[in-house]
Amino acid sequence: SSYKKPISAFTIRHILKKVGLSARIPHYKPAMIEAHCQAHFKWAR
């Protein structure tokens, strides 16, 4: 069906967020290599 009433962008974002959808791009996080893991554990001691 077609609605004649305008809907704000805020309303659309609110409803999408409510159902678990968001227009967010996740941050890139590089994987830890073995050397990074060992250095981290050594530092943590």
Added length on full extension, which subtracts the Cα-Cα distance from 0.36 nm per residue, Lys17 to His40: 4.6 nm
Reachable lysines from Lys5, Cα under 29 Å, same-chain residues fewer than 8 places away excluded? Lys17, Lys18
In Hz, Karplus ³J(HN,Hα) per residue of region 5-11 (6.51, -1.76, 1.60; θ = phi - 60°; x = Gly, Pro): 8, x, 10, 6, 4, 4, 4
How long are the semi-axes of the ellipsoid equivalent to the chain, from square roots of 5 times the Cα gyration tensor eigenvalues, in whole Å, largest first? 48, 10, 8
Tell me the chymotrypsin sites (Phe, Trp or Tyr not before Pro) within the chain that lie in a loop according to DSSP and have at most 11 other beta-carbon atoms within 10 Å. Tyr3, Tyr28
What list of ³J(HN,Hα) values in whole Hz, one per residue of region 32-44 in order, does the Karplus curve 6.51 cos²θ - 1.76 cosθ + 1.60 (θ = phi - 60°) give from phi, with Gly and Pro shown as x? 7, 8, 4, 4, 5, 4, 5, 5, 5, 5, 5, 5, 6
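Every number in this text was worked out from the coordinates using simple rules, so none of it is lab data. Computed from a predicted structure; not experimentally measured. With ideal geometry, Cβ positions are generated from the backbone for all residues, glycine too; neighbour counts draw on all protein chains shown.
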